[in-house]
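The values are calculated or read from the model by the stated rules, or taken from the named source; none is laboratory data. Predicted model only: the values in this text are computed from it and were never measured. Positions of Cβ are backbone-derived with ideal geometry, glycine not excepted, and every protein chain shown enters the neighbour counts. These area figures cover heavy atoms from the full protein model, side chains too; ligands, DNA and RNA do not enter into them. Shrake-Rupley method; radii C 1.70, N 1.55, O 1.52, S 1.80 Å.
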Protein chains: 2
Amino acid sequence: MNEFQFLDYIREKYALGKVGDDCAVLPQGPETDLLITADMLVEDVDFRLEWAVPELLGHKALAVSLSDIAAMGGSPTWAMISIGIPDELWAKGFLERFYEGYFDLASSHGVELVGGDISRMPKYLAVDSVVGGQVTRGNAILRSTAASGDAIFLSGSIGGAAGGLRLLENGLRYERNESEPHRRLLLKQLRPQPELLTANSLQQLGLVTAMIDVSDGLSSDLGHICHSSRKGAVIEADLLPIDPDLYENFSPNECLQFALNGGEDYRLLFTAPSKAIATLTGMGAVRIGEITSEIGRIDLVEGGNSRPIDPAGYQHFS
Amino acid sequence: MNEFQFLDYIREKYALGKVGDDCAVLPQGPETDLLITADMLVEDVDFRLEWAVPELLGHKALAVSLSDIAAMGGSPTWAMISIGIPDELWAKGFLERFYEGYFDLASSHGVELVGGDISRMPKYLAVDSVVGGQVTRGNAILRSTAASGDAIFLSGSIGGAAGGLRLLENGLRYERNESEPHRRLLLKQLRPQPELLTANSLQQLGLVTAMIDVSDGLSSDLGHICHSSRKGAVIEADLLPIDPDLYENFSPNECLQFALNGGEDYRLLFTAPSKAIATLTGMGAVRIGEITSEIGRIDLVEGGNSRPIDPAGYQHFS
């Protein structure tokens, strides 16, 4: 079982009605619902210390959870951060720099740190980032509500974070004087930006039927929407907003693979009825395909041919 | 710097008004405040796999956070759990057994699991347990509100969890047919019970001025109350409710050390005006001393002599 199958199993076994979206939605008052989300970042799984800039890691730890709030169409309000840290990093003052980046992002979104935990870890840095937010009652945008015939959109370019990861694996480092296109790709990986403003605009338009953020990879995250909505999808390779900086460094096929399966771009992936296409593309959203009624099937149209693709984004266990 | 000093530093630097108690208290509605808390449990720091029973570890992960809600005089409502787990434990089905214990405790307190995260860890199991609860608006019981002259109470015996830990270190195991007193001590360490009922009674009485749970150790946790309240304390060795099972296994001095510095008993440690002594002891609370105006000083009275003691409970960093 991979972790998604295990979560399905646990959700079923214990009748967990609120598990399975980017955030849990809890009634909070007559006018608002509470949104909460938790995300772990683990050394040598999500990042390597040899390329981690502590401030950027602090930024990213918060950004990935803010992105989950965005993916529900909500606004973040408070946060907690739990950190397991080995002795030698503690002694080097890693945490103080980590918090610098964390608080820079928190304050720019008006998010207040209200708690968390600090523990020694024997080895490997591990961080659990928790964010709470709110949304007008009943207005959280779920994964499970896409309809057949809906158009599928991305809020911006994808693949850049995966390209940045490849550059890091190839030995490039952000702190050095790399070229501008390289630095842009490295920052896509190291300092993703949660799309809270876009989410807010989409929420106010009221046209979006389902939404998720691209954390695992387009093929997987679109798979999550299809799985939860009991639908399928067709996407067109020519429509994918592949990060333009990728083409200078990678083959066309690598670029497409990064865009389909790379993950960590934290763009919003969402669906809306076809009558909303003009409005949404006018706002800068990119239409990439359409929701179908063929449950669980995702087809990629490329060069006039159509072929089914499997969710091939990141998973921890197989 | 140890982690408590570091948290003081970060709290000051970033003006974090809601950090520093067992839970953060957030306004939720006209009648209730939201309580939230996060606790990490890390392999080889908080437990060892060689003695961990997965179901009991799942229980404990939730129990320590429920205890934080109890320590504020609140009631838990929802929970999230983030788990970083190595491949070999994942493959062995460790998590399914972990969840068994987790959900047994959750359902007995009406707590709903609403989210979390699962990540691979290269090595070492790490768990971050988050619980949300509520309390009548303005009624959360803080650490920072003890007054000079208040009596100090414990909700039950202490030292047992530390005694159980020593037995585990000495090679005893819960799964074997150990003697009843040994099993009771082992369970104090492996399956602590959050004192939510007692907390609820104390909340309704309205007599308690400050409260914390004994997680780090009596000397440290009383130190936290004194530090936050800018007070001191005197406690009497003869009044300490040392776990009776300890005496069969350990010397009188070891028993006292376990009670003072052992931690993990998850009893409630609280203060109330002296006029409340009869009522509270009538409920089963044990009076152990008195709050003084000597900021930061804790004296232990033993055999007619008084000596200052340092917080010597658990800390991760020195």
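Taking 0.36 nm per residue of sequence separation and subtracting the Cα-Cα distance, how much length would be gained by fully extending the chain between B:R297 and B:R184, in nm to one decimal?
Result for the pair: 37.3 nm of gain on full extension.
Suppose R0 equals 30 Å; then what is the FRET efficiency for A:E236 and A:L49 from their Cβ-Cβ distance, rounded to the nearest 0.05?
For A:E236 and A:L49, the calculated efficiency is 0.15.
Where only protein heavy atoms count, and the probe is 1.4 Å, what is the accessible area per residue for chain A in Å²?
Roughly 38 Å² per residue, with all protein chains present.
Using label points projected 7 Å from each Cα along Cα→Cβ, tell me how many nm separate B:Y9 and A:Q5, to one decimal.
Inter-label distance under the simple model: 4.7 nm.
Cα gyration tensor of the range A:102-184, axes a ≥ b ≥ c as square roots of the eigenvalues: rounded (a/c below 1.5), prolate (a/b > b/c) or oblate?
Oblate is the answer for the range A:102-184, as a/c is 1.5 or above yet b/c matches or exceeds a/b.
Only bridges whose two residues both fall in chain B count here: according to DSSP, what percent of them are antiparallel, nearest 5?
Percentage antiparallel, nearest 5: 75.
State the antiparallel share, in %, of DSSP beta bridges confined to the range B:21-140, rounding to the nearest 5.
Around 75 percent antiparallel, to the nearest 5.
Given springs between every Cα pair under 10 Å in a Gaussian network model of chain A, which of A:E96, A:E290, A:E50 has the largest fluctuation?
Highest fluctuation of the listed residues: A:E50.
From the square roots a ≥ b ≥ c of the eigenvalues of the alpha-carbon gyration tensor of the range B:61-200, which class results: rounded (a/c under 1.5), prolate (a/b over b/c), or oblate?
The shape class here is oblate.
Taking only DSSP H segments of four or more residues, each worth -39500 (n - 2.57), what value at 222 nm results for chain A once the sum is divided by all its residues, to the nearest 500 deg cm²/dmol?
Taken over chain A, the calculation gives -10000 deg cm²/dmol.
Quantify how strongly other chains surround peptide B:13-21 by giving the mean number of their Cβ atoms within 10 Å of each of its Cβ atoms.
4
Give me D for the protein assembly as shown in µm² s⁻¹, whole number, from Stokes-Einstein with Rh from the Kirkwood sum over alpha-carbon pairs, 20 °C and 1.002 mPa s.
D, rounded to a whole number, is 83 µm²/s.
How many partner chain Cβ atoms sit within 10 Å of a residue's Cβ in peptide A:120-127, on average, as a whole number?
Across A:120-127, the average partner-chain Cβ count within 10 Å equals 6.
What relative contact order, as a whole-number percentage, does chain B give when Cα pairs under 8 Å and 6 or more residues apart are counted?
Reported relative contact order: 23 percent.
Under the Kirkwood approximation applied to all pairs of distinct alpha-carbon atoms, what is the hydrodynamic radius of the range A:1-69 in Å?
One decimal place: 14.5 Å for the Kirkwood radius.
Once whole DSSP H runs in chain A are found, which of them have Cα atoms spread over 20 Å or more along the helix axis and a mean Kyte-Doolittle score of at least -0.5?
Going by DSSP H runs, the hits are A:54-71, A:94-108.
Using a Cα distance threshold of under 26 Å, what count of lysine pairs results for chain A when pairs must be 8 or more residues apart or interchain?
Within chain A, the lysine pair count is 8.
Given axes a ≥ b ≥ c from the Cα gyration tensor, I'd like to know whether chain A is rounded (a/c under 1.5), prolate (a/b larger than b/c) or oblate.
oblate
Write down the percent of antiparallel bridges among all DSSP beta bridges whose residues are both part of the protein assembly as shown, to the nearest 5.
Antiparallel bridges make up about 75 percent of those DSSP assigns within the protein assembly as shown.
Averaged over its residues, how many other protein chain Cβ atoms are within 10 Å of peptide A:25-31's Cβ atoms?
3
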